[in-house]
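To keep things clear, I will list the structure first and then write my remarks on it.
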Amino acid sequence: MYLTAGTVLLSNEGNPMLEIVADTCGRHDTLGGACATESNTVRYALQKRCMHACRDSWLLAVAEHEEFGMSKRDITHNINFFMNVPVTPEGCLRFADGISDAGKYVELTAKMDVLVLISNCPQLNNPCNAYNPTPIEILIWN
Ligand SMILES: [Zn+2]
């Protein structure tokens, strides 16, 4: 449930896709999912429907890149890196204050060719980022 260094991310066919080889944060959510127009509306308010939604960003990215031959069906579970969503003793999810900080990082090694969609979510409706989304930096090397 909680990913960290040593975790291997598997494809739907059980093949290793990525391995987390370094993690200075130690908390990443795999249960909360990505925000969507529908969830933002249900969770926050009807007038939040027009706000950014990660799911829409990914759908747009897939639609704009026909060369990958992907569709809505190819978008699977996401990882909310640096997001703190603990499971309570009652089995509920809770959006908790983040425990990440500037300079924290996650390093992954690709075990196969992978296509990664990233949304640095400006989630302005819940306090998970103290209502202050910050930039991310992504480095890719061979
Ligand atoms: Zn989002």
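Each value in this text was obtained by applying a stated rule to the coordinates, not by laboratory testing. Please read all numbers here as calculations on a predicted model, not as lab measurements. Here the Cβ positions follow ideal geometry from the backbone for every residue, glycine too, while neighbour counts run over all protein chains shown.
Quick rundown of the values:
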read-out	value
Stokes-Einstein diffusion coefficient of segment 1-92, Kirkwood radius over Cα pairs, 25 °C, 0.890 mPa s, in µm²/s	159
Calculated FRET efficiency for the pair residue 24/residue 112, C-beta based, R₀ 25 Å, to 0.05	0.50
Among 63, 128, 33 - extreme Cα towards positive end, dipole of segment 8-129, charges at beta-carbon	128
Electrostatic dipole magnitude of the chain [Cβ: Lys, Arg +1; Asp, Glu -1; Cα centre; debye, to 20]	500
Length released on extending from residue 132 to residue 63, taking residue separation times 0.36 nm less the Cα-Cα span	21.9 nm
3J(HN,Hα) from dihedral phi, segment 74-87, Karplus parametrisation 6.51/-1.76/1.60, rounded to Hz, x for glycine, proline	7, 7, 10, 4, 10, 10, 8, 4, 6, 9, 9, 10, x, 9
Amide H contacts under 5 Å for residue 9, placed H, 5+ residues apart	17, 18, 19, 20
Filtered trypsin sites (Lys or Arg not before Pro), segment 1-101: DSSP coil and at most 14 other beta carbons within 10 Å	49, 94
Per DSSP, loop GluC sites (Glu not before Pro) in segment 65-139 with at most 12 further Cβ within 10 Å	90, 137
Gain in span if fully extended, residue 73 to residue 43, counting 0.36 nm per residue against the direct Cα distance	8.4 nm
